[in-house]
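**Student:** Questions regarding the structure given below will be posed in turn.
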Amino acid sequence: MKFVRNSAVFRFALLVAILVVLPLLGLGPNAVRLLFVTFVWVTVSIAWNILGGFGGQVSFGFAVFYGLGAYAAALAVNSGLHTVVALLLAAGVAMLASFVIGLPTFRLRGPYFAIATIGVSEAVRVVMTNVPMTGGASGYRILETGPFRQLDHFYISLALAVLAMAASVEVRRSKFGLALLAIREDEDAASDLGVNPFRAKLLAHALAAALTGAAGGVYAQYAAFIHPQGVFAFSIGVAILLMPIIGGVGTIWGPVIGGVVYGLIHDELVASFPQLHLLIYGSLLILIVLFEPAGLVGLFGRWFRTLASARRIRAANP
Amino acid sequence: MPPILSLDRVSKNFAGLKALKEVSFELEQGGIYGLIGPNGAGKTTLLAIISGSLEPTSGAVIFEGRNLAGAKSFAAVRAGVVRTHQVPKPFRALSVLENVEVGRRFGCRERSAGDPEDAAQILDWVGIAHLAHAPSATLSVGDQKRLELARALAARPALLLCDEICSGLTEAETACILNLLRKIDKDGTTILYVEHNLRAIMSVSQHVIVMNYGQKLAEGTPQMVQNDPAVIEVYIGGTGITGGRQPRPGFIARG
C-alpha cells in the first residue's frame, strides 16, 4: 500500500517536473499562455471539488471568490505589495467572503443551497459593477511597474495548482475528508455519529474559496485588466462547477482532467462557436450526468478495465 | 446512583399536533429499557428528542446531569447518546469499514479498557467482518441493520438508542440482534430500545415503558406491564375484540 502511494507521488512529481521544464523547451508564448490558463482552471476545479465533490454541496457561486480574489490581488499589486502577498490577500478576502456566504446558506440543503449561491453570485456582481473605487463596470487596471515576464506567471499558476492538488489529496485522506464524505452521503446520519456538518461545510467552503480566490488573483495579475462582467460572470461560476463534473466529481484526478479539458478547449470553442459554446457545454453536462456520472475518470476506468479483462481472456486462451 | 437519563415533562408539538405530552421517566445506569406503544404513540419522536435530532417544545432531557434538550445530535453523540435508525442510513458510497470509521473517529468519548481497538474489530463483533470492504449500498437489510449497530457502537455510547432495529428481519436475524443487545448491555452500555415486535422487546428488556397518544401509559417489568389493564386495553382493545372477556394475563410473551 505504501509503495503504491509512493509511486503515485513519484508519478505526480514527474508530471510536475515535466511541466516545469516544458516552457524552456521552446514553447511559444501562446502555448505557455494556454498552459497558464489551464493551471488556473485546474486550481479552481480542484477547489470546487473539495466542497462540491467531497462534501456534496453544489455551489454555483464560486465566481464570487474568483472575482474577489482577482480584485483583491489587483488592488494589492497597485498599492505596491509583492505578488505573493497579493495572492495571500486574495485568498484571505475570498475566505472571509465564504464565511459571510456560508453562515446563512449552509442552513439550506440540496437544491436550496445551490439556488442561494446563484442569488449571492449575481448580487455580488451587481454590487461590484457599481463600486466606484474599482472603476465599476468599466473595470480595473493593474499598473505594471516592470516588464511583463510570462514565465513568472506560468510558474506561479503551476505552483498554485500543485498546492491545490496537495490540499485535495490531504483532505481526502484526513478525518475532515471523512466527515465531508459522510455529509455528502447523508447529513443527518453523519450528525447522528458525531460529525458537526455545519462546521465541516464552512471549513470546506473556506478552503475552496481561498484556493479559488488565489487563482483569481493569479489570473488578474496576468491579465492586468479585470472587470465585473468578466471575473464575476455567472458563466464563470457555471464553468467552475462544470469542470469537476466533466472530469469526475468527488475523485482526486477528475477535477484535474476536467480543468485540463476545459482550459485547453475553451478558447478554441469560444473562437469557433461564439454563440454555441455554452450549448455544447450544456449538452456535454447532460450526457455525462445521464451516462457517466463518474465523469471522464469513470469512463477511462471502464475502458481500462475492459481492455485489461480482454487481455486476460486473450492470455488465458492463446 | 443518579439516573443516567431523566426526562422531565417533555412535550413536542408539530404545528397543531401534540406528539408528546409531558412525558417523564428515568433510566438507571445499565440495563435494557423497552419503549413500546401503538403506531403514532410518539416513540420515535421521543427517541429523536433524546438523540438531539428534534428539539422538544418544552421539558428537559437530563443526561448524566446535563440538559441535552435542544442540543444538536452531534453534541449528544459526543456526550454519549448515540442512536440507530429504523430505516438504515448507510453512507452508501463508502465501504462498510469507512462507515464504522465515521462513528469511531467522531464519537469523542474517552475509550475505556474493554472498548474494541478498531473498526474491523467492531465489524467482527457484529458479524459482518467479511463485508468490510464492500460498498455499504450493496448490503442486505439484515446486514445494514448490523452496520447501523456497528457504527453506533463505534461512537462509544453510554446510552444506545435503538429504533426498531429488528423490523423487517427474519426470526433468526432478530434472535441474533437481540443477542448482540444483551452483550452490549453486559458491557455496561445502557440501551433504550423502541420496538414494534413485542415478543422481541419483552424477551430482552428488564424494564418496559408503554406509550399511547403521546403520553406515558405505564412502566415496569415486562411481567407487570403485560398484566396492566390499561396496556391490555390499548393493545387488544379491552371490550372490543375479545368481546368483553378479560384477555389472559401474559398475552404478549406467548405471542
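**Student:** Listing B:78, B:199 from the residue with the fewest other Cβ atoms within 10 Å to the one with the most, what is the order?
**Tutor:** The most exposed by this proxy come first: B:199, B:78.
**Student:** If you don't mind, there's one more thing I want to ask. What are the ³J(HN,Hα) couplings of the stretch B:223-231, residue after residue, when phi is run through the Karplus curve with 6.51, -1.76, 1.60 and θ = phi - 60°? Round to Hz, x for glycine and proline.
**Tutor:** So the J values, rounded to whole Hz, are 4, 4, 5, 5, 9, 6, x, 5, 5.
**Student:** Along the stretch A:174-188, what does the Karplus equation 6.51 cos²θ - 1.76 cosθ + 1.60 (θ = phi - 60°) give for ³J(HN,Hα), rounded to whole Hz, x for Gly and Pro?
**Tutor:** Working through the residues one at a time gives 8, 4, 4, x, 4, 4, 4, 4, 4, 5, 4, 6, 6, 4, 5 Hz.
**Student:** Name the residues whose placed amide hydrogens come within less than 5 Å of the amide hydrogen of residue B:4, ignoring near sequence neighbours (fewer than 5 apart) on the same chain.
**Tutor:** Close amide H contacts, sequence-distant or interchain: B:27, B:28, B:29.
**Student:** Can you return the aspartates and glutamates within cross-link range of residue B:12? Criterion is Cα-Cα under 19 Å, with same-chain partners fewer than 8 residues away left out.
**Tutor:** B:22, B:26, B:55, B:163
**Student:** Regarding the stretch B:1-133, what whole-number volume in Å³ per residue does the convex hull of its Cα atoms give?
**Tutor:** Spread over its residues, the Cα hull of the stretch B:1-133 gives 141 Å³ apiece.
**Student:** Still on this structure: Could you rank the peptides A:254-262, A:31-39 by their average count of other C-beta atoms within 10 Å per residue, with the highest value first?
**Tutor:** Per-residue mean Cβ counts within 10 Å order the peptides as A:254-262, A:31-39.
**Student:** Related question: If neighbour count is taken as other Cβ atoms inside 10 Å, put B:205, B:140 in order from fewest to most.
**Tutor:** Taking fewest neighbouring Cβ atoms as first place, the list is B:140, B:205.
**Student:** If we count other beta carbons within 10 Å of each Cβ, what is the order of A:303, A:253, A:48, fewest first?
**Tutor:** If I rank by nearby Cβ atoms, fewest first, I get A:303, A:253, A:48.
**Student:** Another one. Once amide H atoms are placed 1.01 Å from N in the peptide plane, what residues at a sequence separation of 5 or more from residue B:57, or on another chain, have their amide H within under 5 Å of its amide H?
**Tutor:** Residues meeting the criterion, in which the H sits 1.01 Å from N, are B:11, B:12, B:13.
**Student:** Something else: In square nanometres, what is one fourth of the surface area of the convex hull spanned by the alpha carbons of the stretch A:165-318?
**Tutor:** Computing the convex hull of the Cα atoms and averaging its projections yields 13.5 nm².
**Student:** How large, in Å, is the stretch A:176-219 by the Kirkwood hydrodynamic radius built from its alpha-carbon pairs?
**Tutor:** By the Kirkwood definition, the hydrodynamic radius is 11.2 Å.
**Student:** Now, a different point. What percent antiparallel are the DSSP beta bridges of the protein assembly as shown, to the nearest 5?
**Tutor:** DSSP beta bridges in the protein assembly as shown are roughly 60 percent antiparallel.
**Student:** Given H placed on each backbone N at 1.01 Å, which residues far from residue A:108 in sequence or on other chains put an amide H within less than 5 Å of it?
**Tutor:** none
**Student:** Could you tally the net charge around residue B:28, taking each other residue with its Cβ under 14 Å from the Cβ of residue B:28, Lys/Arg +1 and Asp/Glu -1?
**Tutor:** So the surrounding residues net to -4.
**Student:** If you don't mind, another one. Rank by packing, highest mean first: peptides A:85-93, B:220-228, with packing defined as the count of other Cβ atoms within 10 Å averaged across residues.
**Tutor:** Packing proxy ranking, top to bottom: A:85-93, B:220-228.
**Student:** So for the protein assembly as shown, Kirkwood radius off the Cα pairs, Stokes-Einstein at 37 °C and 0.692 mPa s: how many µm² s⁻¹?
**Tutor:** Estimated via Stokes-Einstein, D reaches 122 µm²/s.
**Student:** Within a 10 angstrom radius of each residue's Cβ in A:198-205, how many Cβ atoms of other chains show up on average? Whole number is fine.
**Tutor:** Counting Cβ atoms of other protein chains within 10 Å of each residue's Cβ and averaging gives 1.
**Student:** From the phi of every residue in the stretch A:29-46, what ³J(HN,Hα) in whole Hz does the Karplus formula 6.51 cos²θ - 1.76 cosθ + 1.60 yield, where θ is phi - 60° and glycine or proline is x?
**Tutor:** After applying 6.51 cos²θ - 1.76 cosθ + 1.60, I find x, 6, 5, 5, 4, 4, 5, 4, 4, 4, 5, 4, 5, 4, 4, 5, 5, 4 Hz.
**Student:** Follow-up question, since we're still on this one. Tell me which lysines have Cα within less than 28 Å of residue B:18's Cα, excluding those fewer than 8 residues away on the same chain?
**Tutor:** The reachable lysines, counting only those whose Cα sits under 28 Å from residue B:18, are B:43, B:72, B:89, B:216.
**Student:** Average the reciprocal distances over every distinct pair of alpha-carbons in chain B, invert the result, and give the Kirkwood radius in Å.
**Tutor:** 18.8
**Student:** So if I take the centroid of the Cα atoms in the stretch A:111-130 and the same for the stretch A:48-67, what is the distance between those two points in Å?
**Tutor:** One Cα centre to the other: 13 Å.
**Student:** Kindly rank A:239-250, A:178-189 from highest to lowest mean number of other beta carbons found within 10 Å of each residue.
**Tutor:** A:239-250, A:178-189
**Student:** Can I ask one more? Enter the mean number of other protein chain beta carbons within 10 Å of the beta carbon of each residue in B:51-60, as an integer.
**Tutor:** Taking all residues of B:51-60 together, the mean is 1.
**Student:** Give me the one-decimal Kirkwood hydrodynamic radius in Å for chain A, with the sum taken over alpha-carbon pairs.
**Tutor:** 20.4
**Student:** For peptide A:181-190, compute the average count of partner chain beta-carbon atoms within 10 Å of each residue's beta-carbon.
**Tutor:** For this peptide, the per-residue mean of nearby foreign Cβ atoms is 6.
Each reported figure results from applying straightforward, stated rules to the coordinates on display, with no laboratory input. Note that this is a predicted model, so its numbers are computed, not measured. Note that each Cβ is placed from the backbone with ideal geometry, even for glycine, and that neighbours are counted across all protein chains shown.
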